[in-house]
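One structure below.
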Amino acid sequence: WHDSVAHKDSIFYKTYAATRHQLEQTIVNGGYDVIIEVGCGTGDVIANMDTKIQRYGLDINAEFVNFCKDTYEVDNCEFLVVDAIFLEEWWKKEGLDKKFFKPLVSCVNNTLNIMPDGLRG
């Protein structure tokens, strides 16, 4: 999947670049202090963002998360195996509700289509 997104000749490249840009602008304009990408897949959006705030790329698929950990060495960006159904529990268990006060949660591209109906906003 990463290869179909990361190469500039890919039909998905512009979509992912536009998504990153939109999220970067949202962070600046909204004053967010952390971004959480639910369903980060191969990390092509969150790992390549131009931002200084803390980033979390979450995915239920351990292979994707391991790929991200092996591929990206980015300051303030962590990749973790987390089931979106338990997002709020994870957030509180890690104490992030005490550390961050204005989180931006993103779920981009094809991830929404595979999530349970109850999680779709």
Looking at E37, E78, E73, which one is farther than 17 Å from T19 by Cα and modelled with pLDDT of 95 or more? E78
Do any residues in the range 21-40 that are over 20 Å from D97 (Cβ atoms) have Cβ atoms under 7 Å from those of residues that are of a type in the set (S, T, Y), where the two are at least six apart or on different chains, and which pairs are they? L23/S106; E24/T51; G39/T111
Scanning the range 91-112 for residues that are in a loop (DSSP other than H, G, I, E, B), of a type in the set (A, V, I, L, M, F, W, C) and either modelled with pLDDT under 95 or more than 17 Å from E78 (Cβ to Cβ) (or both) gives F101, C107, V108
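Condition first: assigned to a strand (DSSP E or B) and out of contact with any Gly (no Cβ under 8 Å at 6 or more places or on another chain). Now tell me which residues in the range 37-80 satisfy that. It would help to see each step written out before you state the result.
If we filter the range 37-80 for residues that are assigned to a strand (DSSP E or B), which is where we start, we get 37-38, 54-59, 77-80.
Scanning the range 37-80 gives V38, Q54, R55, Y56.
The values are calculated or read from the model by the stated rules, or taken from the named source; none is laboratory data. On a predicted model such as this, the values are computed, not experimentally measured, just so you know. Using ideal geometry, Cβ is built from the backbone for each residue, glycine included, and neighbour counts are taken over all protein chains shown.
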